[in-house]
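A short write-up of the structure that comes next.
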Amino acid sequence: MRSVYCGALDASNDGQTVKLCGWVHRRRDHGGVIFVDLRDRDGIVQVVFDPDRAEIFNLAESLRNEFVIQVEGRVRLRGAAAINPKMATGEVEVLGTGLTVLNKSKTPPFPLDNYSEVGEDTRLRYRYMDLRRPEMQQKLVFRSKITGYMRRYMEDNGFLDIETPVLTRATPEGARDYLVPSRTHAGSFFALPQSPQLFKQLLMVSGFDRYYQIVKCFRDEDLRADRQPEFTQLDIETSFMSQDQIMEVTENLIRGMFKDLMGVEMPEKFQQMPYAEAMRRFGSDKPDMRISMELVDIDDLLKDVDFKVFSGPANDPKGRVAALKVPGANDKISRKQIDAYTKFVGIYGAKGLAYIKVNDKSDLEKGLQSPIVKFLPETVRQSILDRTGAENGDMIFFGADSFSVVCEALGALRCKLGEDLDMLEKEWAPLWVVDFPMFEETDAGWHAIHHPFTAPVNTDPAALTANPGEAISNAYDMVLNGVELGGGSIRIHDQQLQECVFRLLGISEEEAQEKFGFLLDALQFGAPPHGGLAFGLDRLVMLMTKSDSIREVMAFPKTQSAACPMTAAPGVVDTRQLRELNIRLRKKESDQA
């Protein structure tokens, strides 16, 4: 029905007869000549209908936005004054010699010919219409180019595309599983995979030493702008490669993708930073390196001050007092904005936000503007100025609380200030964060920072058991502009070490056998050293297209409440289906009243 896509036409097609199919993006009637902007997934081209062909002209007059049509016509160059530099096809137009209306359309629920503010619920309710908008089509076309590049790169580097099961069993991945009841095994449930972690490790045991898969994963957790209940990742696993080699292969993938698809030159070697350094300097394990501001520890300066807000955390082994200098911010941040930032850090558990405006650093009595200055001796004030390197016109924010609260609050404030005050010093800033702690201690005991299958640097079970809090893991995260693109690790390939980690995590021998017996058995049959990494495809596309959320780069995403307004999912099922699955719903108390 078509000979060429609308967006593919340019001056080289001058004089050619073409057939086009698509949607009426806009119709205009100018002095007896009808102009139709015809749109398909590749772009928009202007079609001209003149009154010399009366039958076709009359049909063109009946066209409305979003009618589906077929056009036959001759490509011709526009006059110099009529060239539209804003359109890729702006040098040409098509003189329509044939027109067929393939289908009519109701008035769209929202305008598609130009961007308009439409509520997200409405956009998702009519997602098939929302996806017709050129900016949405461009994002999904670009997503396809990314996945195509990934497949070519992986295959060129000897990786095999192998599918893993979607119906599996629940595993402790750190979030809730989506459960699927089994009809044939009454009372038992499958789980949708949070990742193919165990299966890809088993593929390494099986001898497929380079595996990849672009795979759907599922997590039943609270949502954010970069989270969805179902998401896609590029999953990679390989045997007989070191951590540095795995990082090199995946780093080259990202570098080549940005260069080939966007013309962006990434650094020849991505910076690496230990986890402990990232937390100290930036308050985050995924720091945005486009912003040069850093957190500075000042605990030692405040241990003896009478101001308990500072001295309390300064003397607490699990506390932290840190300063964040914001260059030249005195004239940019008002009292009202300080109140807004105080509210912002409260989201992360901070009880307040102390600050000092440095008006004249030579005058420690009157040159520093802040409600807290009176609580700080002049020697301490001078030491803070020296430690932070503050100059006149700068502003210093303070965090004083537990180590985790200070890191989260000031780390988030650093990024917000960087955006608000336009302090981004580069467009792209990739980073590897390495040397993560193996475990973190919670009220319930030890918890794996990555997952229970991550190998420690010291693989001696006795040493690991004796001091789990000091253990460092062979784990690595790739961060881009403050967003974690992907994370990976070297895996445990020794059965005794894996059992040791399970014990430290409070997983009994019986539970380990029940949930992971197949893995423990496999590790006894010549399991090779192996490791891998998974990239969040949705996040990557979000960053590369500079979208606000991953919902903008997914064809049919869910809302913040994990619902689909278009299909009304999730929905109820009838009693017969529940009976077949051996499920009975418990009535809510309100229903029983």
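The values are calculated or read from the model by the stated rules, or taken from the named source; none is laboratory data. No experiment lies behind these values; they were computed from the predicted model shown. As a convention, Cβ positions derive from the backbone with ideal geometry for all residues, glycine included, and neighbour counts pool all protein chains shown.
Of all the residues that make up the stretch 353-376, how many are surrounded by 14 or more Cβ atoms within 10 Å (Cβ to Cβ) and in a loop (DSSP other than H, G, I, E, B)?
Of the residues in that region, 8 qualify.
Show me the helices (runs of 4 or more DSSP H) found entirely inside the stretch 79-177 where at least 2 residues are among the hydroxyl-bearing types (Ser, Thr, Tyr) and surrounded by fewer than 17 Cβ atoms within 10 Å (Cβ to Cβ).
134-156
Taking only pairs six or more apart or across chains, which ones have beta-carbon atoms under 7 Å, a first residue in the stretch 414-434 that is free of Cβ contacts under 8 Å to residues at least 40 places away in the same chain and more than 17 Å from Leu543 (Cα to Cα), and a second residue that is in a helix (DSSP H, G or I) and among the basic types (Lys, Arg)?
none
Just one of Ala322, Ala329, Ala278 is assigned to a loop (DSSP other than H, G, I, E, B), buried (at least 21 other Cβ atoms within 10 Å of the Cβ) and either free of Cβ contacts under 8 Å to residues at least 40 places away in the same chain or not assigned by TED's automatic domain parsing to the domain that holds Tyr476 (or both); which is it?
Exactly one of Ala322, Ala329, Ala278 is assigned to a loop (DSSP other than H, G, I, E, B), buried (at least 21 other Cβ atoms within 10 Å of the Cβ) and either free of Cβ contacts under 8 Å to residues at least 40 places away in the same chain or not assigned by TED's automatic domain parsing to the domain that holds Tyr476 (or both), namely Ala329.
Val345 versus (1) of a type outside the set (S, T, N, Q); (2) part of a loop (DSSP other than H, G, I, E, B); (3) under 21 Å from Arg414 (Cα atoms); (4) in contact with a helix residue (DSSP H, G or I) (Cβ under 6 Å, 6 or more places away or on another chain): which is the lone unmet condition?
Val345 satisfies all of (1) of a type outside the set (S, T, N, Q); (2) part of a loop (DSSP other than H, G, I, E, B); (3) under 21 Å from Arg414 (Cα atoms); (4) in contact with a helix residue (DSSP H, G or I) (Cβ under 6 Å, 6 or more places away or on another chain) except (2).
Starting from the stretch 1-30, take each residue that is under 18 Å from Asp50 (Cα atoms) and list its partners that are polar (S, T, N, Q) and assigned to a loop (DSSP other than H, G, I, E, B), counting only C-beta distances under 8 angstrom and pairs at least six apart or across chains.
Val18/Ser3; Lys19/Ser3; Leu20/Ser3; Val24/Asn65; Arg26/Asn65; Arg27/Asn65
Condition check ((1) in contact (Cβ under 8 Å) with a residue 24 or more places away in the chain; (2) within 23 Å of Lys558 (Cα to Cα)) across all residues:
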{"position": "Arg127", "(1), (2)": "yes, yes"}
{"position": "Asp130", "(1), (2)": "no, yes"}
{"position": "Lys139", "(1), (2)": "yes, yes"}
{"position": "Ile146", "(1), (2)": "yes, yes"}
{"position": "Tyr149", "(1), (2)": "yes, no"}
{"position": "Glu155", "(1), (2)": "no, no"}
{"position": "Asp177", "(1), (2)": "yes, yes"}
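Would you check which residues across the stretch 442-459 are surrounded by 19 or more Cβ atoms within 10 Å (Cβ to Cβ) and either free of Cβ contacts under 8 Å to residues at least 12 places away in the same chain or part of a strand (DSSP E or B) (or both) and list them?
Ala448, Thr454, Pro456
Out of the stretch 525-547, which residues are surrounded by fewer than 23 Cβ atoms within 10 Å (Cβ to Cβ) and either over 20 Å from Met478 (Cα atoms) or β-branched (Val, Ile, Thr) (or both)?
Phe525, Gly526, Ala527, Pro528, Pro529, Thr545
Yes/no per residue for (1) assigned to a helix (DSSP H, G or I); (2) among the acidic types (Asp, Glu); (3) touching an Asp or Glu at 6+ places or on another chain (Cβ under 6 Å); (4) not assigned by TED's automatic domain parsing to the domain that holds Arg255:
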| site | (1), (2), (3), (4) |
| --- | --- |
| Ile396 | no, no, no, yes |
| Ala400 | no, no, no, yes |
| Glu408 | yes, yes, no, yes |
| Ala412 | yes, no, no, yes |
| Glu440 | no, yes, no, no |
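Suppose the filter is exposed (fewer than 15 other Cβ atoms within 10 Å of the Cβ), at pLDDT below 95 and in contact with a strand residue (DSSP E or B) (Cβ under 9 Å, 6 or more places away or on another chain); does Ser195 pass it?
For Ser195, the condition - exposed (fewer than 15 other Cβ atoms within 10 Å of the Cβ), at pLDDT below 95 and in contact with a strand residue (DSSP E or B) (Cβ under 9 Å, 6 or more places away or on another chain) - is not met.
Here's a check for you: in the stretch 366-388, which residue that is among the charged types (D, E, K, R) and over 42 Å from the mean Cα position of the chain (by Cα) is nearest to Asp299 (Cα to Cα)?
Checking each candidate, the answer is Glu378.
Based on this model, can you work out whether Phe516 counts as closer than 16 Å to His451 by Cβ and of a type in the set (Phe, Trp, Tyr)? If you could, list the steps in order and put the result at the bottom.
On the way: closer than 16 Å to His451 by Cβ: yes; of a type in the set (Phe, Trp, Tyr): yes.
Yes; evaluated as a whole, the condition is true for this residue.
Please determine whether any residue of the stretch 92-111 is touching a residue at least 40 places away in the same chain (Cβ under 8 Å) and within 30 Å of Leu253 (Cβ to Cβ).
no
Would you be able to say whether some residue in the stretch 200-209 is within 21 Å of Asp477 (Cα to Cα), in a helix (DSSP H, G or I) and in contact with a strand residue (DSSP E or B) (Cβ under 8 Å, 6 or more places away or on another chain)?
Yes.
Can you give me the number of residues within the stretch 419-438 that are touching a strand residue (DSSP E or B) at 6+ places or on another chain (Cβ under 9 Å) and outside any strand (DSSP E or B)?
Going residue by residue through the stretch 419-438, those that are touching a strand residue (DSSP E or B) at 6+ places or on another chain (Cβ under 9 Å) are 421, 423, 428-438.
Those left that are additionally outside any strand (DSSP E or B): 421, 423, 428-429, 435-436, 438.
Total satisfying the criteria: 7.
For Val215, work out the one condition from (1) closer than 30 Å to Ala444 by Cβ; (2) within 19 Å of the chain's Cα centre (by Cα) it doesn't fulfil.
Failing condition for Val215: (1).
Please go through the stretch 1-18 and give me each residue that is closer than 14 Å to Val68 by Cα and surrounded by 15 or more Cβ atoms within 10 Å (Cβ to Cβ), ordered by number. So that I can check it myself, show each step before the final result.
Kept after step one, since they are closer than 14 Å to Val68 by Cα, are these residues of the stretch 1-18: 1-2, 6.
Once the filter is applied, which keeps residues that are closer than 14 Å to Val68 by Cα and surrounded by 15 or more Cβ atoms within 10 Å (Cβ to Cβ), the stretch 1-18 yields only Cys6.
Here is a list: Ser105, Ser116. Which entry is at pLDDT below 95 and of a type outside the set (Val, Ile, Thr)?
Ser116
Basic (Lys, Arg), touching a residue at least 60 places away in the same chain (Cβ under 8 Å) and closer than 30 Å to Leu140 by Cβ: is that true of Arg290 in this structure?
yes
Can you pull out the residues in the stretch 525-582 that are outside the structural domain of Glu237 (by TED's automatic domain parsing), free of Cβ contacts under 8 Å to residues at least 60 places away in the same chain and either aliphatic (A, V, I, L, M) or under 25 Å from Leu480 (Cβ atoms) (or both)?
Scanning the stretch 525-582 gives Ala563, Ala568, Ala569, Val572, Val573, Leu578.
Collect the residues in the stretch 514-524 that are surrounded by fewer than 21 Cβ atoms within 10 Å (Cβ to Cβ) and either out of contact with any Leu (no Cβ under 7 Å at 6 or more places or on another chain) or not assigned by TED's automatic domain parsing to the domain that holds Val483 (or both), keeping them in residue-number order.
Glu514, Lys515, Gly517, Phe518, Leu520, Asp521, Gln524, listed by residue number.
Filter the stretch 351-402 for residues that are under 18 Å from Cys415 (Cα atoms), aliphatic (A, V, I, L, M) and touching a Leu at 6+ places or on another chain (Cβ under 8 Å) and give the result.
The answer is Leu353, Ile396.
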